[in-house]
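Enquirer: My questions all concern the structure below.
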Amino acid sequence: MTDLEKARWLKKNYREYALEWYLSDHARLNAIFQKEYKKYLSNLNNQLVEEQQSQFNEIEERMFKAYKEVYGSDYLVDTLIDRRGTFKKVQEIRDLWAPVLAH
């Protein structure tokens, strides 16, 4: 990224100082840019992780509900009783969902 691009990014995402102020000191520009861009990427990554976790939680809830509907029992209780058998049952449910997930 050029100094001008960094200055524009900082003006948009950090503070609205004049471009000349950012460009007047190369070391300051790079120091501020590195710090703020690192924060920006970290926040962006955190948002993506939260979205992904939300999707996982939604799938988990659907699986628990489907397990209850298909087998008439609670997944977590069945897991404590027979982990391997419960896992096989979940795989059967997943195989039923496969055509739906493909679309």
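Enquirer: At 222 nm, what value in deg cm²/dmol follows for the chain if DSSP H runs of at least 4 each add -39500 (n - 2.57) and the sum is divided by all its residues, to the nearest 500?
Expert: Computed ellipticity for the chain at 222 nm equals -29000 deg cm²/dmol.
Enquirer: What does the charge count near GLY85 come to, summing +1 for each Lys or Arg and -1 for each Asp or Glu among other residues with Cβ under 13 Å from its Cβ?
Expert: Combined, the nearby Lys, Arg, Asp and Glu give +1.
Enquirer: Any chance you could list the semi-axes, whole Å, largest first, of the equivalent ellipsoid that the Cα gyration tensor gives for the chain, using √(5λ)?
Expert: Output for the chain: semi-axes of 53, 13, 10 Å.
Enquirer: Lysine pairs, Cα distance under 30 Å, 8 or more residues apart or cross-chain: how many in the chain?
Expert: 13
Enquirer: In degrees, nearest 10, range 0 to 90: what is the angle between the Cα axis of helix 26-71 and the longest Cα principal axis of the chain?
Expert: Roughly 10 degrees between the two axes.
Enquirer: Continuing with this model, one more query. For the chain, what's the relative contact order in percent, using C-alpha pairs closer than 8 Å and at least 6 residues apart?
Expert: Averaging sequence separation for qualifying contacts and normalising by length gives 15 percent for the chain.
Enquirer: Also, I was wondering about something else. Averaged per residue, what accessible area in Å² does segment 24-103 show with a 1.4 Å probe, protein chains only?
Expert: Roughly 82 Å² per residue, with all protein chains present.
Enquirer: Ok, one more. Could you rank the peptides 48-60, 82-94 by their average count of other C-beta atoms within 10 Å per residue, with the highest value first?
Expert: Packing proxy ranking, top to bottom: 82-94, 48-60.
Enquirer: Nearest 10 degrees, 0 to 90: what angle lies between the long axis of helix 83-102 and the longest principal axis of the chain (Cα atoms)?
Expert: With rounding to tens, the tilt is 60 degrees.
The values are calculated or read from the model by the stated rules, or taken from the named source; none is laboratory data. Since the model is a prediction, treat every value here as computed from it, not as a measurement. When we count neighbours, we look across all protein chains shown, and the Cβ atoms used for this are built from the backbone with ideal geometry, even at glycine. What goes into the accessible areas is simple: the full protein's heavy atoms, side chains included, and nothing from ligands, DNA or RNA. Shrake-Rupley method; radii C 1.70, N 1.55, O 1.52, S 1.80 Å.
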